[in-house]
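Structure first, then comments.
The values are calculated or read from the model by the stated rules, or taken from the named source; none is laboratory data. Model, not experiment: these values are computed from the prediction. Ideal geometry is used to build each Cβ from the backbone, glycine not excepted, and the neighbour counts take in all protein chains shown. For accessibility, only protein heavy atoms count, side chains too; no ligands or nucleic acids. Shrake-Rupley method; radii C 1.70, N 1.55, O 1.52, S 1.80 Å.
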Protein chains: 2
Amino acid sequence: MSKNHTGPPPQAPYEYAIVIHGGAGTLQKGQLSPEQELEYKAALDSALIVGKTILQNGGSAQEAVVKTIMILEDSPLFNAGKGAVFTHDGTNELDASIMEGSQLKAGAVGGVSIVKNPITAAQAVMNNSPHVMLSGAGADQFAKEQNLTLVEPSYFFTQKNYDRLQNILKREEDERRKKDGQGFLNTLSEDADSKFGTVGCAALDKNGNLAAGTSTGGMTNKRWDRIGDSPIIGAGTYADNRTVAVSCTGHGEYFIRHAVAHDLSARLMYTNQTIYQAADTIININLKEIGALGGLIAIDKYGNVAMPFNTSCMFRGYANNVKHEVKLFKEDE
Amino acid sequence: MSKNHTGPPPQAPYEYAIVIHGGAGTLQKGQLSPEQELEYKAALDSALIVGKTILQNGGSAQEAVVKTIMILEDSPLFNAGKGAVFTHDGTNELDASIMEGSQLKAGAVGGVSIVKNPITAAQAVMNNSPHVMLSGAGADQFAKEQNLTLVEPSYFFTQKNYDRLQNILKREEDERRKKDGQGFLNTLSEDADSKFGTVGCAALDKNGNLAAGTSTGGMTNKRWDRIGDSPIIGAGTYADNRTVAVSCTGHGEYFIRHAVAHDLSARLMYTNQTIYQAADTIININLKEIGALGGLIAIDKYGNVAMPFNTSCMFRGYANNVKHEVKLFKEDE
């Protein structure tokens, strides 16, 4: 099968381009103070600048994605790396994945707990192992063998996320009492934004290579070593030089079931849709119809950027050789 | 986007259909004794009959897939359930997934070690949890809470698989000595058929519902809690009533990177290809070109069955209201 790009011409053949997200959620404009808004925007901005500079200087999309995500992972503001949320058992278990579009190489880790920057572990799996996906203690062990920067599990402690878990556990307990202990598994409570803050990045470098990566702490109160869409190639992350690089954020289970990241690539491969039409259809029609909250960021092979989301906010930004901007809410469009 | 079935008409609108595989590999015709061939064929046959009978009696595709795979998991002949291969550390860690095509519900477990039938754990995740994928000890714990049949880890001991691991470990040690301890991770040795024997099933029931499932012990000598394609929705398993139900087997890393199961569905959704053209293109052109060994079994919404593989054998069989057959080697076509 050859690709089938018979649609409208690219709107702009950019030299390079980068796009990032810091999660999609139900936060409304006005719920953040002006100072908080500035803080988030500054964090997104500094990550974007790191990636943009790499691309500007002829660096690879893969490097730009990893270094950009590391900045977001090191910030306590996002649910990834340092700011990862807590599991039901009060631990932090982090997921990340990366893919590059020239050879469709990919790497992912699920449930690491001592790796400072999970995206570097995903990259090491991609480049230095025969595997695509490692998990749990095995993934931690692999990161150690790769001499990646390790931390004590306590590094991931933040008061804000700990309090969030305690609040949810308390509410869960209250609900159980009301029901005389008849709590059902499906009712596992979570606050609306318990999954908020996953980070991701997609980039196109000057050599025409695409790459994408995603990193997350998962959802507050997650149990049974749940794996969401972030470390699943084809669900949370995908990259193919012939089509698109994409990173997703939102209600991960729906993104797995709809293979969202690969579906975007498939639409560009097999239909005449543009990146805008394809991304918008997936997020604002298909997923919205079934109540699946979230969004995605994507760059096509021409450097066109799509950032659709069906929630009230998606922290996001993009830059190329002519433009650079960062936005938080729907109203910022 | 609506589907786009403008291709040739279905070749046969079967009342129901079921297809299974017991792994694709490099075994050549003649390497099995006539008795062994009969043994494998009988095992495949008895699994097929279980599923076929369920469908014949109006049972659901989901039930047929689970019950059929349970038969294959209970046989020591296949690398799934009872016959699961050993990890590098001498344990057995099993993966499974299932998906149903009416609502695109899905469930998966990665690295369970005390669940007799991992496919039942995948089904429980799909039907009784808010999640799609659970892993490791958490998945075992979930299975326990769901009152699934548990076993001691020693249940998965088979001399044949244990010897296989010892042979690989010995070869690995020999190679390390030759290199004065300079062994590199990428050289992790494996025998050609170390991944052989994954099982899978896809079914179409009388109500037009599709379902697919896959179950495996992974690859002999796997390390770092490696997760292959079998428990990855979109890679090893996918089902969508609008297109196809599919289960893959082979070199899992390639199947993840190419999102093989979802790609088959996308081709039926977005192009005019038939199930035969689409499945053959993926397995015998795209994957073959890059040296990715394996195959898949699939049923489209009309009950047409495709079973392409680019290896010398894929243990396989299918049945519908008019036909029933089981085959092992390429030459059996």
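Whole-percent P(r), the protein assembly as shown, all Cα pairs, 20 Å bins from 0: 21, 55, 24, 1.
Sorted from nearest, the other copies put their residue B:149 label points 5.0 nm away, the label point being 7 Å from Cα in the direction of Cβ.
Each residue of region A:324-333 is assigned a 3J(HN,Hα), and the resulting list reads 7, 8, 10, 9, 10, 9, 3, 5, 7, 4 Hz, derived from the Karplus form 6.51 cos²θ - 1.76 cosθ + 1.60 (θ = phi - 60°), x at Gly and Pro.
How high is the FRET efficiency between residue B:91 and residue B:176 when r is their beta carbon distance and R₀ equals 25 Å, given to the nearest 0.05? My answer for the efficiency is 0.70. Listed values for region B:243-260 are Karplus-derived 3J(HN,Hα) couplings in whole Hz (6.51 cos²θ - 1.76 cosθ + 1.60, θ = phi - 60°), namely 9, 6, 10, 9, 10, 10, 8, x, 6, x, 4, 5, 5, 5, 4, 9, 6, 4, and x replaces Gly and Pro. Pop out the carbon and sulfur fraction of the accessible area of region B:5-332 as a percent, whole number, probe 1.4 Å. Answer for region B:5-332: carbon and sulfur cover 49 percent of the accessible area. Projecting the Cα atoms of B:87, B:127, B:55 onto the charge dipole of the protein assembly as shown (Cβ charges, centred on the Cα centre) puts B:55 farthest toward the positive pole. Normalised per residue, the accessible area of region A:5-332 is 34 Å², obtained with a 1.4 Å probe and no contribution from ligands, DNA or RNA.
The heavy atoms of residue A:309 present about 10 square angstrom of accessible area, all protein chains included, probe 1.4 Å.
For the residues A:57, A:209, A:321, a GNM of chain A with alpha-carbon springs under 10 Å puts the largest fluctuation on A:57. Run the numbers on region B:135-150: which residues show a drop of 20 Å² or more in accessible area, chain on its own versus all protein chains together, using a 1.4 Å probe over heavy atoms? At a threshold of 20 Å² (probe 1.4 Å), the residues of region B:135-150 that become less exposed are B:135, B:138, B:142, B:145.
The long axis of helix B:61-74 is offset from the longest Cα principal axis of chain B by roughly 30 degrees. Interface between chains A and B: roughly 4300 Å² of accessible area buried, both sides summed (probe 1.4 Å, protein heavy atoms only). Inter-copy label distances for residue A:333: 5.1 nm (label point placed 7 Å from Cα along Cα→Cβ; shortest first). Remark: region A:90-104, residue by residue, has Karplus-estimated 3J(HN,Hα) of x, 9, 10, 10, 10, 10, 7, 8, 8, 8, 10, x, 7, 10, 6 Hz, where x stands for each Gly or Pro and the curve is 6.51 cos²θ - 1.76 cosθ + 1.60 at θ = phi - 60°. The amide H of residue A:17, built 1.01 Å from its N in the peptide plane, has A:204 as neighbours under 5 Å, considering only residues 5 or more places off or on other chains. The charge dipole of region A:5-332, taken about the Cα centre with unit charges on the Cβ atoms of Lys, Arg (+1) and Asp, Glu (-1), comes to about 260 debye, rounded to the nearest 20.
For region B:5-332, what's the relative contact order in percent, using C-alpha pairs closer than 8 Å and at least 6 residues apart? Reported relative contact order: 27 percent. Cα-based values for chain A, radius of gyration first and Dmax second, are 18.8, 63 Å. For chain A, give the share of DSSP beta bridges that are antiparallel, in percent and rounded to the nearest 5; count only bridges with both residues there. For chain A, the DSSP antiparallel bridge percentage is about 90. Between copies, the label points of residue B:242, set 7 Å from Cα on the Cα→Cβ line, lie 2.2 nm apart, reported in increasing order to one decimal in nanometres. For residue A:151, the amide hydrogen comes within under 5 Å of the amide hydrogens of A:115, A:116, counting only partners 5 or more places away or on other chains and with H modelled in the peptide plane. Note on chain B: with a GNM built from Cα contacts shorter than 10 Å, the maximum mean-square fluctuation among B:66, B:151, B:199 falls on B:151.
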